[in-house]
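Below is one structure, written out as structure tokens; the observations come after it.
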Amino acid sequence: MKIVPYPSFLLENEFLCRGEILAGIDEVGRGCIAGPVLAVCYSPKSKQSCINEVNDSKKLSEKKRILLFKKLIANGYWAFGTASPSEIDMLGIIEATYLAMMRAYYQMYPKPDYLIIDGEKTVRKFPISNCYYFAKGDTKYYSIAAASIIAKVLRDRLISKYSSIYPQYDLDKNKGYGSKAHITAIKEHGLTPLHRRSFIHF
């Protein structure tokens, strides 16, 4: 049986022991052709808040993500932010992702003393000096992995609501990604306000 390594809680535990708040930030939806990019900022409430099996959301089934989502929001401080399709078209996906992350950070309470962010360092800076970027951070650090799970569940729920408004695009299944059926639906029915025009070239 393959053993799946889980992101470490050691860093969070170290900060909690010092009475400081460490929060992780991750986003979901960068590669979609429809819907917003959504970011979450997350921090565990205490040393006892560590939830077993928390991992990069992409490594979890939908059923497991929902189960962990419920536990995480009950045992942590969290906030989310989004950037709309029109903002993505206007700013570009990198700047729009940063905007969603900033909105999540500004909604966060209590404000963290330190931030760890999934991804490469961008040209932009958060309004906090202790801010660190980690490639594949959602596979290494608990708070980032927790943020990735919450972000995925929230965005999937949002896209499901859009699916009832635009049923012909099968958003419930493709979650806004450019599946073959999604592309075919765009060709047949045209674009909606949900679609990122800068991402669609055919």
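Every read-out reported here was derived from the displayed coordinates using simple, explicitly stated rules and does not represent laboratory data. Every value quoted in this text rests on a predicted model; they were computed, and no experiment measured them. Cβ sites come from the backbone with ideal geometry, for glycine too, and all protein chains shown count toward neighbours.
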*asked:* I'd like the distance between the alpha-carbon centres of the range 24-64 and the range 146-202, rounded to an integer number of Å.
replied: 19
_Quick query: amide H of Arg196 versus all other amide H atoms, modeled in the peptide plane; which residues come in under 5 Å with a sequence gap of 5 or more or a different chain?_
Ala34, Gly35
_Long pairs among Lys59/Lys121; Lys111/Lys175; Lys140/Lys180; Lys45/Lys175; Lys63/Lys175; Lys58/Lys140, criterion Cα-Cα beyond 22 Å_ = Lys59/Lys121; Lys111/Lys175; Lys140/Lys180; Lys45/Lys175
_Label point distance in nm, Lys161-Leu91, each placed 7 Å from Cα along Cα→Cβ_ = 2.0
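Compute the relative contact order of the range 10-190 as a whole-number percentage, counting only Cα pairs closer than 8 Å that sit 6 or more residues apart in sequence. Display every interim value, and only then the final one.
Details: 335 pairs, mean separation 53.5, N = 181.
Computed over the range 10-190, the figure is 30 percent.
If you add up the charges near Pro193, with Lys and Arg at +1 and Asp and Glu at -1, over every other residue whose beta carbon is less than 13 angstrom from its beta carbon, what do you get? Walk me through the numbers before you get to the answer.
Details: positive: Arg196, Arg197; negative: Glu87, Asp89.
For residues surrounding Pro193, the net value is 0.
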*Expressed in whole Å with the largest first, what are the equivalent ellipsoid semi-axes of the chain derived from the C-alpha gyration tensor as the square root of 5 times each eigenvalue?*
31, 19, 14
